[in-house]
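The values are calculated or read from the model by the stated rules, or taken from the named source; none is laboratory data. Source: prediction; values computed, not measured. In case anyone asks, the SASA skips ligands and DNA or RNA and just uses the protein heavy atoms, side chains included. Shrake-Rupley method; radii C 1.70, N 1.55, O 1.52, S 1.80 Å.
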Amino acid sequence: GNIGLPICMLIFGPTGLALGIGYFTVSSVLGFIFGPAITAGNMSIGGLLRVPLIWAALGAIFITITDMELPVWVVRSLKLLGTLAIPMMLITLGTSLADLKIDALGRSASLSVLCIGMGVVVGWGLAELMAFEGAVRGVLIIQCAMPVAVFNYLFAQMYKLHPAEVAGTV
């Protein structure tokens, strides 16, 4: 679901893809923990417990640590549900883009460019600070430079905080 993953795979091969998935997972979990809190203006443990990604990550960690093998029907069902998630998010985003007003387009485009530019600077700075080299350095910079994630639009829609402008930025 992240455009950075195929780019990391293209540039750095399977190692880049694995590193990109690690980055993407950590940033998604953090985004789903702190995103609603920032958008709503307060942190709620109850709200956090309703985030499916948190439960999925905890379940995946448990299954990996215990070396548990899931039944085939469970794996197929989860894969089917997972493949539906991205199209559903994109359809939701598309409906908001249809309502995007031209006057908000300039601001949205400016914010999008600013976000990507800041991502490059932050990624490069972190890579320097941590003395990363090679694929690790490249993947960090690439992943930090990715556009705004679709789930930011979903948070804006949920809390009614300028979803059309956020959709334009996405």
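Based solely on its DSSP helices, what 222 nm [θ] is calculated for the chain when runs of n ≥ 4 H residues each add -39,500 (n - 2.57) and the sum is averaged over all residues, nearest 500 deg cm²/dmol?
The helix-only estimate for the chain comes to -27500 deg cm²/dmol at 222 nm.
When averaged across all projection directions, what area in nm² does the alpha-carbon convex hull of the chain cover?
11.8
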Exposure rank, largest accessible area first [Ser44, Ser110; 1.4 Å]: Ser110, Ser44
Contact order relative to length of region 1-76, as percent, for alpha carbon pairs under 8 angstrom and 6 or more apart: 18
Alpha-carbon centroids, region 103-132 and region 15-52: separation in whole Å: 19
Of the DSSP H helices in the chain, those whose Cα atoms cover at least 27 Å axially and whose Kyte score averages 0.5 or more: 4-40, 72-98, 102-129
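Using the alpha carbon gyration tensor of region 74-163, what are the three equivalent-ellipsoid semi-axes (square root of 5 times each eigenvalue), largest first, in whole Å? Walk me through the numbers on the way to the answer.
Working: eigenvalues 164, 110, 18 Å².
Each semi-axis is the square root of five times an eigenvalue, giving 29, 23, 9 Å.
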Whether region 1-100 is rounded, prolate or oblate, judged on the alpha carbon gyration tensor where a/c under 1.5 counts as rounded: rounded
